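Inspection log for the structure reproduced underneath, given as structure tokens.
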């Protein structure tokens with residue numbers, strides 16, 4: 001089912017029926033009719049293939065467009081790290097932003113894009129998806145690679161399983177999301193997340209940072225309710241707390257083992273007369289994380305979980321990023337004090353508690369921003385709905401988050417939190433050319449994306465959805 | 001739900017015993033102040049049926065829209081709201097909801113037309129309030145999608161805080177839920193050895209079940225018609241046919257007195273139901289979800305059915321893999337009365353943005369897109385004479401927005417139903433300090449303090465269950 005090219009499929013089918021018709025025609029009249037039909041079909045085929053050549057290179061198969069030299073002129077440019085440029089030029093070359101400003105010389109041979117009335121934004125980044133790891137959730141297990149079996153899987157790497165040809169990839173990017181974190185979901189230690197560009201023919205062509213963060217599900221009182229799982233039987237609080245503590249101990253023990261493993265390997269590297277420690281790929285994968293060299297994403301929503309996760313990270317000397325953060329507004333002081341960033345995924349969720357104010361989660365981001373807490377906004381979606389990222393940020397802006405902060409919350413801030421702001425998240429000379437050109441405010445529903453660049457490649461604005469639309473919209 | 005209520009009762013009792021509230025004080029709690037007349041001044045009015053009116057006043061009187069114009073005057077005791085810079089639009093009509101249902105599916109039989117959502121309504125469901133805060137005033141409460149022929153619907157106005165009787169939408173057309181495809185086949189149920197699966201198990205069986213039901217309904221109707229004719233002729237000693245609560249609603253469908261709202265995804269199953277309906281001589285009022293409606297828009301339009309769809313949900317299961325966000329625009333352009341629904345307590349809070357997606361995907365005009373959540377769903381429920389547009393004489397079910405409702409930056413200031421205010425952001429904000437205080441008091445109340453030696457309290461569960469029949473979410477979320 002994955003990556004079907006409707007256009008091709010339709011044309012292919014028509015060609016096949018044409019040959020059948022020819023073989024079966026009995027009388028001359030029938031033959032003439034068949035010939036006429038064949039001609040029409042052939043014409044259709046030519047028109048379609050011609051159209052594909054000029055406008056719609058087939059995107060679903062994941063063929064990567066080439067890098068080029070482009071100049072977007074006379075556009076409004078929202079740089080984010082500098083002031084907005086009302087009428088300027090952006091030059092893209094060799095995958096990078098080559099120049100940005102008011103009076104920029106367009107290099108010879110550059111393809112120019114007239115940007116009058118359009119706005120250039122940095123591409124959006126969703127910092128918590130499972131893009132490429134799941135195609136169809138319900139009832140299609142064969143297309144789900146989010147959750148490895150067992151509780152402790154630090155060496156399960158999302159980048160290994162990312163299906164770069166997933167229809168979700170093109171569907172997401174044509175709405176202006178150019179890169180994303182894709183992360184595994186299962187167990188206590190789920191595995192390692194990757195940062196990917198939403199274009200590429202192989203996983204490594206997509207990878208911005210293949211092993212970007214470790215993902216830990218901080219134990220949750222009463223367990224985590226899957227959307228379809230049966231409701232957990234009620235536990236008394238003492239038993240539930242003890243169960244959580246046991247789970248935490250499992251994680252603690254593995255992290256300590258990894259610490260010791262790293263020390264033993266280092267010692268042996270310096271002094272080969274020491275007994276040679278066996279290599280262990282599971283522990284080895286954890287070493288950069290227990291040493292604080294790479295961040296650990298810890299999923300936590302309720303206040304107690306958030307506090308617990310911060311304390312645990314401190315105890316184990318981890319570099320934490322909190323994921324979820326529905327109750328983050330309750331502990332802004334602590335988050336600020338410990339300088340712990342939060343990836344908010346619940347903006348459009350129903351509030352946790354019945355007596356929460358109706359806008360508790362809408363205004364969560366505004367409260368973090370006012371308190372000076374580092375945060376970004378994510379859909380937290382497995383893949384299909386990641387394209388709605390701008391509307392999550394927009395809703396936060398409707399409830400108190402300044403508009404420019406809302407924009408940064410889906411561009412610059414996720415890049416900063418995931419340690420790739422040197423390459424992504426704003427329009428600056430030298431950064432990766434992940435750009436979106438729109439006919440309006442990037443976060444507004446009614447806005448259309450007009451041009452899309454990822455890694456300096458001009459990406460066609462087609463997807464499984466546009467192709468199905470094209471195939472059926474004119475059916476009479 | 002039951003447990004939550006018990007807890008609430010315990011809290012209430014504790015308050016009473018602590019002397020914080022007396023039972024009489026509770027009974028005498030004043031209703032929110034709602035004068036019989038309200039003048040909304042100087043708004044941008046999205047009438048839906050007569051375009052957008054700038055700097056316009058709207059007068060509400062006794063629950064109806066009494067006047068629309070400039071420089072309207074109101075009596076001295078009227079409530080006057082200055083809506084300068086704000087937008088007034090009709091209350092949103094959600095054509096597919098399971099809010100306030102204590103239970104959604106009677107899933108044991110393939111045909112459950114004898115059960116009624118009316119019997120399981122919980123007017124205290126807090127998500128109703130959250131929907132009001134999204135400008136929604138009317139819900140089509142549907143039975144779930146577990147059966148080819150499901151239970152009966154209820155159309156309500158969200159009169160949160162009022163007795164259940166006041167919720168029922170007067171004069172709304174009765175309806176019934178049908179469903180096709182994977183949910184009916186129970187495709188997600190495990191196939192256990194030794195366990196007989198419920199019939200039907202394929203789309204072939206679904207067709208057969210519906211055909212069988214209407215064949216029986218036709219016979220049943222005939223029995224009654226013959227009986228009634230005999231009574232009319234004055235024949236004596238007649239034995240009336242035995243009443244059949246399962247077939248009665250289907251007879252009403254055959255007689256055009258009850259609307260069919262049919263959950264559907266794929267083009268083939270949509271065509272199947274159209275063919276059966278044509279054969280038995282009834283109309284499908286709406287195809288719900290109708291994700292592949294865009295493939296057979298011509299046929300749906302010919303049949304005269306409406307389409308009530310998601311704005312953009314897709315790929316959550318195989319039969320939803322061909323869903324595209326352009327569906328809404330394609331169906332609307334084909335002449336189908338099209339609406340965008342929520343099927344979710346969460347999504348219902350932002351149907352304004354869901355409708356706007358038809359402008360992003362498919363370039364529907366603003367005028368057409370606004371209809372998707374107002375007059376079109378009203379037509380689909382047979383309440384278009386009462387709600388769905390701002391016209392003199394219609395019910396005063398309205399919402400004031402602080403920006404254009406299609407802007408992601410807009411939010412609702414005030415929501416009216418029958419001229420009374422059921423949500424007001426300023427009042428909501430003003431009440432929060434008091435509520436926080438009350439919560440603290442409740443937490444200190446005797447039954448809520450951990451007691452030494454007693455049974456420890458229960459661990460909190462996950463997120464409170466919300467009503468989402470169609471399980472659009474992926475199984476797990478990052």
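Elements of the type helices (runs of 4 or more DSSP H) sitting completely within region B:330-428 and holding at least 1 residues that are within 12 Å of chain A (Cβ to nearest Cβ) and closer than 30 Å to residue A:475 by Cα: these cover B:351-360, B:366-371.
Strands (runs of 3 or more DSSP E) fully within region B:139-215 that include at least 2 residues being touching a strand residue (DSSP E or B) at 6+ places or on another chain (Cβ under 6 Å) and closer than 22 Å to residue B:292 by Cβ: B:149-152, B:175-179.
Let's see how each residue does on (1) assigned by TED's automatic domain parsing to the domain that holds residue A:409; (2) surrounded by fewer than 24 Cβ atoms within 10 Å (Cβ to Cβ); (3) more than 30 Å from residue A:437 (Cα to Cα):
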residue	(1), (2), (3)
A:101	no, yes, no
A:106	no, yes, no
A:130	yes, no, no
A:159	yes, yes, no
A:164	yes, yes, no
A:168	yes, no, no
A:171	yes, no, no
A:192	yes, no, yes
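Within region A:225-244, none of the residues are at pLDDT 95 or above and assigned to a loop (DSSP other than H, G, I, E, B). On the stretch given as region B:410-445, residues that are in contact with a helix residue (DSSP H, G or I) (Cβ under 8 Å, 6 or more places away or on another chain) and over 28 Å from residue B:65 (Cα atoms) total 3. Residues in region B:197-204 include none that are surrounded by 22 or more Cβ atoms within 10 Å (Cβ to Cβ), at pLDDT 95 or above and in the same structural domain as residue B:114 (by TED's automatic domain parsing). Does region B:430-451 include one or more residues that are at pLDDT below 90, exposed (fewer than 15 other Cβ atoms within 10 Å of the Cβ), part of a loop (DSSP other than H, G, I, E, B) and within 11 Å of chain A (Cβ to nearest Cβ)? Taking every residue of region B:430-451 in turn, at least one turns out to be at pLDDT below 90, exposed (fewer than 15 other Cβ atoms within 10 Å of the Cβ), part of a loop (DSSP other than H, G, I, E, B) and within 11 Å of chain A (Cβ to nearest Cβ). The condition (being at the interface with chain B (Cβ under 10 Å from one of its Cβ atoms), surrounded by 20 or more Cβ atoms within 10 Å (Cβ to Cβ) and not in a strand (DSSP E or B)) is satisfied by just one residue among A:154, A:184: A:184. Of the strands (runs of 3 or more DSSP E) lying entirely inside region B:237-321, the ones with 1 or more residues being more than 14 Å from every other protein chain (Cβ to nearest Cβ), within 26 Å of residue A:134 (Cβ to Cβ) and out of contact with any helix residue (DSSP H, G or I) (no Cβ under 8 Å at 6 or more places or on another chain) are found at B:286-289.
The condition (being outside any strand (DSSP E or B) and closer than 21 Å to residue B:370 by Cα) is satisfied by just one residue among B:50, B:96: B:50. Listed conditions (1) part of a loop (DSSP other than H, G, I, E, B); (2) modelled with pLDDT of 95 or more; (3) within 14 Å of another protein chain (Cβ to nearest Cβ) are all met by residue A:116, apart from (3). Residues in region A:373-383 that are in contact (Cβ under 8 Å) with a residue 40 or more places away in the chain and touching a helix residue (DSSP H, G or I) at 6+ places or on another chain (Cβ under 6 Å): A:373, A:375, A:376, A:379, A:383. Of the numbered criteria (1) part of a helix (DSSP H, G or I); (2) in contact with a helix residue (DSSP H, G or I) (Cβ under 9 Å, 6 or more places away or on another chain), the one residue A:142 fails is (2). Exactly one residue out of B:400, B:330, B:379, B:373 is assigned by TED's automatic domain parsing to the domain that holds residue B:263 and out of contact with any helix residue (DSSP H, G or I) (no Cβ under 8 Å at 6 or more places or on another chain): that is B:379.
The values are calculated or read from the model by the stated rules, or taken from the named source; none is laboratory data. All of these numbers come straight from a predicted model, not from anything done at the bench. Please note: Cβ atoms are built from the backbone with ideal geometry, for glycine as well, and neighbour counts cover all protein chains shown.
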